[in-house]
Amino acid sequence: MKKTKRSVNRRNSLKANPRKSPSGTRFAEVAARLAEIGRGFHARGWVLGTSGNFSAVISREPLRLAITSTGLDKGSLAPEQFLEMDGAANVVRGEGRPSAEALLHLAIARGVDAGAVLHTHSVWSTLLSGSHASQGGIALEGYEMLKGLEGVRTHKHREWLPILENSQDMIELGERVSKTLRESPGRVRDTRAA
């Protein structure tokens, strides 16, 4: 799974460092950073209204994520609106509940050792995923911006972005996400509408 140079730096800034701070302080730091990222994504039109959700790993053992509570306007996210969730999607800190997509966040955090999941619903990504879903993904090639991906030195590069059919059965979709992450060198994108 490729990462952008910028996402590697941001991901590293969200990685758990239990020696530096206790879990409560770590949660507060991550929630503040995710709220800032979420507001920025909203300003860019990548998460309109209450669409999308964000999480970051607080600890690996036991697995804990800071995650947005469901139904929040991403343009006015605040750190206190985040929840701490365990590896079974149970809320262990905060008020509210995570979206049903929390299982997808857990699958990604486990499947590729991700430090964060930033799930957007931009109009353009929704249109692209809908138009390429029948091919199972989209090939990105010949773009100068591909050099922003880790290890890519030329625009003469092809990146495959898998697209998974949407489902409201998050357990089944989570299993498909996990399988795709194990089998595919690309990124996972689902066809959920904005």
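Cα gyration tensor of the stretch 24-134, axes a ≥ b ≥ c as square roots of the eigenvalues: rounded (a/c below 1.5), prolate (a/b > b/c) or oblate? The shape class here is oblate. In order along the stretch 31-39, the phi-based Karplus estimate (6.51 cos²θ - 1.76 cosθ + 1.60, θ = phi - 60°) of 3J(HN,Hα) comes to 4, 5, 5, 5, 4, 4, 4, x, 5 Hz; Gly and Pro are listed as x. If you take the alpha carbon atoms of the stretch 124-190 and fit the smallest convex hull around them, that volume is 97 Å³ per residue.
Counting other C-beta atoms within 10 Å, and keeping those with at most 14, which DSSP coil chymotrypsin sites (Phe, Trp or Tyr not before Pro) do you find in the stretch 59-143? Kindly include the intermediate steps, with their values, before the conclusion.
Values: sites: PHE82, TRP124, TYR143; in loops: TYR143.
In loop regions of the stretch 59-143 (DSSP not H, G, I, E or B), the sparsely surrounded chymotrypsin sites (Phe, Trp or Tyr not before Pro) are TYR143.
Summing +1 for each Lys or Arg and -1 for each Asp or Glu among the other residues whose beta-carbon sits under 11 angstrom from that of THR70 gives 0.
Between the amide H of ALA116 and those of VAL57, distances stay under 5 Å, these residues lying 5 or more places away or on another chain, with hydrogens modeled in the peptide plane. Here the 3J(HN,Hα) profile of the stretch 89-98, calculated from phi with Karplus coefficients 6.51, -1.76 and 1.60 at θ = phi - 60°, is 6, 8, 6, 10, 7, x, 10, x, 9, x Hz, Gly and Pro shown as x.
Computed from the coordinates by the stated procedures, all read-outs in this text should not be read as laboratory data. If you're wondering where the values come from, they're calculated on a predicted model, not measured in any experiment. Using ideal geometry, Cβ is built from the backbone for each residue, glycine included, and neighbour counts are taken over all protein chains shown.
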